[in-house]
Amino acid sequence: MTMPRVFRAVLPKVRDFLAFWEQAGRSRYAVREIGTVTHLQLDEWVFSDDRDAMMREVLSWDAQGLTFVWCDPTDAERAEWGDDLEGLWHVPGLPDYLGDAFADLPPREAAPNQEVLRRAFFDAILKTSECYGFFELDMLDSRDYLRDWAHDDDKLDRPEVYRAQRYFGVIERVHEDRWGVLPHWTLYVGRRHARVQRSQLEAVGLAVDHLVGMTCVVNGLDEAVMIGSLSIPAAAATSS
């Protein structure tokens, strides 16, 4: 049987993405990795009309000869978790962080074949990008995503235009962001939000606990320009 066609390319801009998608035949599905890049290159996308073929390419499924095997609990695991502990499907060769997705697979008693297991497994890891790091785009429902991507690209291409924009409001909520190296927070100002680092607040003598209820000016790059009557200095550069 002939495998469905799969295409892959590094596409950092939305215009690159759309041009390649047209050239490659307007595939139905596309997938990339977000956060930590393990299986693909940075900004690399994989396209196909068949989700199973697409994810087999991403995970090097056929190249590694991956297959599902049933694992019964060990005596040590039963001693720790009880005799009712059930076994799970497993794929030797896949990274450990995908392990939780095996819990959604059909039980061994259902006698699923390898194709059924694989498709259920791919469904599990694609449905929650925050858990497993894969972002799937169905091109039949992609308009909003591509519009937002184009807007983000324009910010990178013309930062001076967006930095000159001003939006006024009141800080309604503050959320501490735990990713990245430098301590920073997201300020929710009406329909907009702004990112600030601890060093920016300390430079003007502001305490994060007192920000809610203060007026705030945000520019088009989601940077806080003023809080109250205080001008906020530029953020320190961070490595990507």
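Take Asp83 and tell me if it is free of Cβ contacts under 8 Å to residues at least 40 places away in the same chain, of a type in the set (D, E, K, R) and in a loop (DSSP other than H, G, I, E, B). Spelling it out, Asp83 is indeed free of Cβ contacts under 8 Å to residues at least 40 places away in the same chain, of a type in the set (D, E, K, R) and in a loop (DSSP other than H, G, I, E, B). Filtering segment 1-53 to residues that are among the hydroxyl-bearing types (Ser, Thr, Tyr), open to solvent by 70 Å² or more (accessible area, probe 1.4 Å) and within 18 Å of the chain's Cα centre (by Cα) leaves Thr36, Thr38. Within segment 37-55, not a single residue is touching a His at 6+ places or on another chain (Cβ under 8 Å), touching a residue at least 60 places away in the same chain (Cβ under 8 Å) and closer than 26 Å to Cys131 by Cβ. Residue under question is Leu105, and the condition is that it be open to solvent by less than 80 Å² (accessible area, probe 1.4 Å) and under 17 Å from the mean Cα position of the chain (by Cα); does it hold? No.
Applying the set (1) in contact (Cβ under 8 Å) with a residue 60 or more places away in the chain; (2) more than 30 Å from Gly99 (Cβ to Cβ); (3) within 21 Å of the chain's Cα centre (by Cα); (4) open to solvent by 40 Å² or more (accessible area, probe 1.4 Å) to Arg163 leaves exactly one unmet item: (3). Kindly evaluate Asp144 against the criterion of being loosely packed, with under 11 Cβ neighbours inside 10 Å and of a type in the set (Asp, Glu). In short, yes. The single condition among (1) over 24 Å from the mean Cα position of the chain (by Cα); (2) closer than 15 Å to Cys216 by Cα; (3) among the hydroxyl-bearing types (Ser, Thr, Tyr) that Thr186 does not satisfy is (1). Candidates are the residues of segment 59-87 that are in contact with a strand residue (DSSP E or B) (Cβ under 7 Å, 6 or more places away or on another chain) and closer than 30 Å to Val6 by Cα; the one that is surrounded by the most Cβ atoms within 10 Å (Cβ to Cβ) is Phe68.
Being more than 30 Å from Val69 (Cα to Cα), of a type in the set (Phe, Trp, Tyr) and in contact with an Asp or Glu (Cβ under 7 Å, 6 or more places away or on another chain): is that true of Tyr162 here? It is false that Tyr162 is more than 30 Å from Val69 (Cα to Cα), of a type in the set (Phe, Trp, Tyr) and in contact with an Asp or Glu (Cβ under 7 Å, 6 or more places away or on another chain). You will find that of Ala150, Ala203, the residue that is touching a residue at least 24 places away in the same chain (Cβ under 8 Å), in contact with a helix residue (DSSP H, G or I) (Cβ under 7 Å, 6 or more places away or on another chain) and not hydroxyl-bearing (Ser, Thr, Tyr) is Ala150 and no other. Scanning segment 81-124 for residues that are farther than 19 Å from Asp52 by Cα and in contact with a helix residue (DSSP H, G or I) (Cβ under 6 Å, 6 or more places away or on another chain) turns up Leu85, Leu88.
The values are calculated or read from the model by the stated rules, or taken from the named source; none is laboratory data. Note that the structure is a prediction, hence the values are computed from the model and not measured. As a convention, Cβ positions derive from the backbone with ideal geometry for all residues, glycine included, and neighbour counts pool all protein chains shown. These accessible areas exclude ligands, DNA and RNA; they are computed on the full protein's heavy atoms, side chains included. Shrake-Rupley method; radii C 1.70, N 1.55, O 1.52, S 1.80 Å.
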